[in-house]
Structures are given as structure tokens and as C-alpha cells.
Amino acid sequence: MTIHDLAARLRGLPPSLGPVRLIAVDGHAGSGKSTFAGRLAHALGGAPVLHLDDIASHEQLFAWTGRLLTQVIEPLARGEDALYAPYDWRARAFGAPRRLPAAPVVLFEGVGAGRRALRPHLARLLWMELPRQESWARGRRRDGAEQQEFWDGWTAAERAHFAADPSRPHADLLVLQRPEGYEVLPGPGAPPAAGPDVTQGDGPSPMW
């Protein structure tokens, strides 16, 4: 299954939030969620992507559910574009409102995208299948030495979040990054009938 096959399957799902098919890409920090979501959005013809880093903040690494529901979920459920205030991690302040269109498919990506409060609104939950220690090591290398103290606090917070509200057991699909691209497999939360026809690898399309 190529990324274009996956995009076609997602477009063919029934709406899950007003007119929107809401797709979550969850996984540990550093697991490659942003990159994968960007490629999937491109295959979907430019689907809007909400990065949950824009919703979280230093003071609320994971306690952002209420703000997301008010600013994003409720407007999309009414078929309206959402307006949310993105967080600036350097300035430690929320910025000017940003629009998120009520498109046919909207992607949420970030740690906690598949949390309990959001799952009723999702058409599909995808999980980046990379162990947390490997994910965190990649994230630390990416962000450099100046962010090591932040990462120490983050990993503790992420452990606590997933201990209380795990996403992976509810994932419809698992996304594995391979040297030649990505492989998509049925997840623990997939209905039995959905399994066999999504187990193919990347095939001749190594770019994804």
C-alpha cells in the first residue's frame, strides 16, 4: 500500500466530526510524526495539519484538552473553520489566531493526538511504531544540547501521560519507518475485517 493508497482510503471514510474526517497521528516524541503527517497531507492534496506543539505550552505539556475542544473540535463539528492561538515556545506566549479549515480530511499530529477525549471524534488513529527510548534519543539529537533540560522534563511528563491515557492500544494503523520508506500495518484497535488488506509494504514507491 503506497501513501496514495492510504490517502484514498482515508478520503473514503465517513466523516467523523461534522463534515470532517479527523485523522490523528500519535507516537512518542521524536518518532517522526511531523514528517509522516506532512507527506500524508501532501498525498491528500494539501490537507490541513494541526501540530499539537502549537496547542501545548511549557505550563501545559499535556493539559490542553479543554483549549483544543473549544478552539478546534467544536467549530469543526459545526462545519466551521477553527481559529486557534499557536504557542511560541521561544517567546513562551500564545500568538495571533491561526485558521484551520474544515476540510474533508484534517490531520492532527503530536504526542497525545489519540487521547481518550479525542478518540470519539477521530475517523482513524495512526501510531508511529518506534520504541520510546529510540524516539527520545532521536528527539534529543535533533534539538541539541541546549534543550536537554527540557527533554528531561518532557520524558517524565510523556511517561505519565501514556501511563494514564495510552493511545497505542486504540490505534487503527501502525506506521513503521523503514530504510526505503514507510510500512503501514493494522493496529491493535483495528476491526478484524480491516486487517489483511493493509499489511502490504511500500512497494515500488520508495519516497514515502
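The values are calculated or read from the model by the stated rules, or taken from the named source; none is laboratory data. Remember, it's a predicted structure, so these values are computed and weren't measured experimentally. Backbone-built Cβ (ideal geometry, glycine too); neighbour counts: all protein chains shown. These area figures cover heavy atoms from the full protein model, side chains too; ligands, DNA and RNA do not enter into them. Shrake-Rupley method; radii C 1.70, N 1.55, O 1.52, S 1.80 Å.
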Under 6 Å between Cβ atoms, at least 6 apart or on separate chains: pull out the pairs that start in the range 1-27 with a residue that is closer than 16 Å to VAL72 by Cα and end on any residue that is in a helix (DSSP H, G or I) and among the aliphatic types (A, V, I, L, M). LEU17/LEU76; LEU17/ALA77; GLY18/LEU76; GLY18/ALA77; VAL20/LEU76; ILE23/LEU10
Any residue at all in the range 65-76 that's without any contact (Cβ under 8 Å) to a residue 12 or more places away in the chain, over 27 Å from TYR182 (Cα atoms), out of contact with any strand residue (DSSP E or B) (no Cβ under 9 Å at 6 or more places or on another chain) and of a type in the set (A, V, I, L, M, F, W, C)? no
With respect to the numbered conditions (1) of a type in the set (S, T, N, Q); (2) open to solvent by 20 Å² or more (accessible area, probe 1.4 Å); (3) in contact with a Ser or Thr (Cβ under 8 Å, 6 or more places away or on another chain), which one is the sole condition not fulfilled by SER135? (2)
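Take the residues in the range 141-157 that are of a type in the set (D, E, K, R) and free of Cβ contacts under 8 Å to residues at least 24 places away in the same chain; name whichever of them is farthest from ARG92 (Cα to Cα). Can you show your working first?
Our first condition is that a residue be of a type in the set (D, E, K, R); within the range 141-157, this holds for 141-143, 146, 149, 152.
Next cut, free of Cβ contacts under 8 Å to residues at least 24 places away in the same chain only: 141, 143, 146, 149, 152.
Numbers: ARG141: 22, ASP143: 17, GLU146: 16, GLU149: 16, ASP152: 18 Å.
Among residues in the range 141-157 that are of a type in the set (D, E, K, R) and free of Cβ contacts under 8 Å to residues at least 24 places away in the same chain, the one farthest from ARG92 (Cα to Cα) is ARG141.
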Please find, among ALA43, ALA96, the residue that is more than 24 Å from TRP154 (Cα to Cα), more than 13 Å from the chain's Cα centre (by Cα) and in contact (Cβ under 8 Å) with a residue 60 or more places away in the chain. ALA43
Matching strands (runs of 3 or more DSSP E) fully within the range 1-118 where at least 2 residues are open to solvent by less than 40 Å² (accessible area, probe 1.4 Å) and at pLDDT 95 or above: 21-26, 49-51, 82-84, 105-109
Looking at (1) more than 25 Å from ALA93 (Cα to Cα); (2) over 16 Å from the mean Cα position of the chain (by Cα), which is the only condition GLU59 fails? (1)
Restricting to the range 167-190, give me the number of residues that are part of a loop (DSSP other than H, G, I, E, B), touching a strand residue (DSSP E or B) at 6+ places or on another chain (Cβ under 9 Å) and either surrounded by fewer than 17 Cβ atoms within 10 Å (Cβ to Cβ) or touching a residue at least 60 places away in the same chain (Cβ under 8 Å) (or both). 5
For the range 120-138, indicate whether the set of residues that are under 27 Å from LEU76 (Cβ atoms), among the charged types (D, E, K, R) and in contact with an Asp or Glu (Cβ under 7 Å, 6 or more places away or on another chain) is non-empty. yes
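Quick one: which residue in ASP53, ASP26 is closer than 19 Å to ALA171 by Cα and of a type outside the set (A, V, I, L, M, F, W, C)?
Details: ASP53 fails: closer than 19 Å to ALA171 by Cα.
The conditions single out ASP26.
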